[in-house]
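Read-outs: derived from the displayed coordinates by stated rules, not from any lab. Just so we're clear, the structure is a prediction, and the values are computed from it rather than from any experiment. No Cβ is skipped: glycine too gets one built from the backbone with ideal geometry, and neighbour counts run over all protein chains shown.
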Amino acid sequence: MTEYSTILVSTSGRVGTIQLNRPKALNALNETVMEEVITAATAFDADPRIGAIVLTGSDKAFAAGADIKQMADMDYPAMYAADFFQRWEDFAALRTPVVAAVNGYALGGGCELAMMTDVIIAGESAKFGQPEINLGVIPGMGGSQRLARSVGKAKTMDMVLTGRHIDAAEAERIGLVSRVVADDQTLAEATKVAETIAAKSKPATQLAKEAVASAFETSLSQGLLFERRIFHSLFSTEDQAEGMAAFAEKREPQWKHR
Ligand code: HXC
């Protein structure tokens, strides 16, 4: 097992869990956190025994953003040369569905990281925001793009231009999170969602993720074509035959490809 210094990694059944663990810095995302999360997530992605991933933080913070102290002294050439934080896109490109369990602060890069996951479960005290404007910068890990695509212009401009935090109830109302639960149930609920996903046919869940993700990348007609072709292709799997036979026979499907 790889040794990590900023995350905790565990496996339960078909679910792999990654917990951000830099409590003194409220899980601020520095390069080490990025490399470790991506290494662990990529290993889960390649593991045929894993069907879904949970990403979580602490009670106080999912992640309070990119590490401001790491960035403070950087200049434009250094940022550009490093293509700072571009590698997080490897996390967004995972095939395995990822469920975020968010308690406490999900700010800046923390909010952007949550938005790279597929399902966000928030505790009722969670706070989301893109406060980069208060640092004299703007979101740099997808906030201006993924937030706009998920909640639209009105709320994105409000959050990105004022830097205000929104609570979990507002985040659910505007469509930023999937579900809000009691704070002490966040990880349990996220794990339950991950277990539900991981129990299904893997080609179907992974291709479903790909199809939904394409809605944010492409035109409607191209997206509809992509979806239809995937739908057609799934009729080449044993799991399509099994799933439909099980429905007709009024029994639970026994998936071959998990
Ligand atoms: C580095 C951070 C940090 C961060 C908190 N800490 N957030 N360190 N980077 N993003 C550190 C604090 O310096 C402090 O360390 C410790 O964590 C506890 O934080 P406090 O501020 O004392 O806690 P509290 O008063 O409870 O306030 C919590 C908070 C506040 C509201 C979350 O910490 C905060 O506003 N943090 C910054 C949020 C932010 O601006 N995020 C966006 C970052 S820019 P010490 O050593 O003093 O105890 C970004 C850009 C992404 O994310 C794009 C990248 C390409």
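Just how many % of Cα pairs in region 90-131 lie over 16 Å apart, if you round to the nearest whole percent?
Counting pairs separated by more than 16 Å, the tail of P(r) holds 33 percent.
Starting from the Cα gyration tensor of region 114-229, take the square roots of the eigenvalues, sort them a ≥ b ≥ c, and report rounded, prolate or oblate (rounded when a/c is under 1.5, otherwise prolate if a/b is larger than b/c, else oblate). Numbers along the way, then the final one.
Values: a/c = 2.54, a/b = 1.23, b/c = 2.07.
It comes out oblate by the Cα gyration axes.
From the alpha carbon gyration tensor of the chain, can you work out the equivalent ellipsoid semi-axes (sqrt of 5 times each eigenvalue) and give them in Å, largest to smallest?
32, 20, 18
Tell me the net charge near Ala72. Cut-off is 15 Å between Cβ atoms, Ala72 excluded, with +1 for each Lys or Arg and -1 for each Asp or Glu. Don't skip to the answer; put the middle values down first.
Working: positive: Lys69; negative: Glu31, Asp67, Asp73, Asp75, Glu132.
For residues surrounding Ala72, the net value is -4.
Could you calculate the contour length gain from Glu3 to Gln70, that is, 0.36 nm times the residue separation minus the distance between their Cα atoms, to one decimal place in nm?
21.9 nm
Just to verify a number: FRET efficiency for Ser219 and Lys24, C-beta to C-beta distance, R0 = 51 Å, to 0.05?
Working: r = 46 Å, r/R0 = 0.90.
With R0 = 51 Å, the Cβ-Cβ based efficiency is 0.65.
Count of lysine pairs in the chain with Cα atoms under 21 Å apart, counting only pairs 8 or more residues apart in sequence or on different chains?
Lysine pair count for the chain: 15.
Per the helix-only calculation at 222 nm, which mean residue ellipticity applies to the chain, given -39500 (n - 2.57) for every DSSP H run of n ≥ 4 and division by its residues, nearest 500 deg cm²/dmol?
It lands at -12500 deg cm²/dmol.
Once you sort the root eigenvalues of the Cα gyration tensor of region 174-258 as a ≥ b ≥ c, which label holds: rounded (a/c under 1.5), prolate (a/b larger than b/c) or oblate (the other case)?
Note, shape of region 174-258 comes out oblate.
In whole Å, what is the distance between the alpha-carbon centres of region 104-151 and region 203-258?
Centre-to-centre (Cα) distance: 30 Å.
Kirkwood hydrodynamic radius, computed over distinct alpha-carbon pairs, for region 202-249: how many Å, to one decimal?
It is 11.6 Å.
Using modelled amide H (1.01 Å from N, peptide plane; none on Pro or chain starts), what sits under 5 Å from the amide H of Val102, excluding residues fewer than 5 places away?
Answer set, sorted by chain and number: Ile121, Ala122, Gly123.
Enumerate by residue number the chymotrypsin sites (Phe, Trp or Tyr not before Pro) in region 169-258 meeting two conditions: DSSP loop (anything except H, G, I, E, B), and at most 12 other Cβ atoms within 10 Å of the site's Cβ. Show your work: numbers first, answer last.
On the way: sites: Phe216, Phe226, Phe231, Phe235, Phe247, Trp255; in loops: Phe216, Trp255.
Those satisfying the criteria are Phe216.
Once label points are set 7 Å from the Cα along Cα→Cβ at both Ala154 and Ala245, what is their separation, rounded to one decimal in nm?
Spacing of the two 7 Å Cα→Cβ label points: 5.1 nm.
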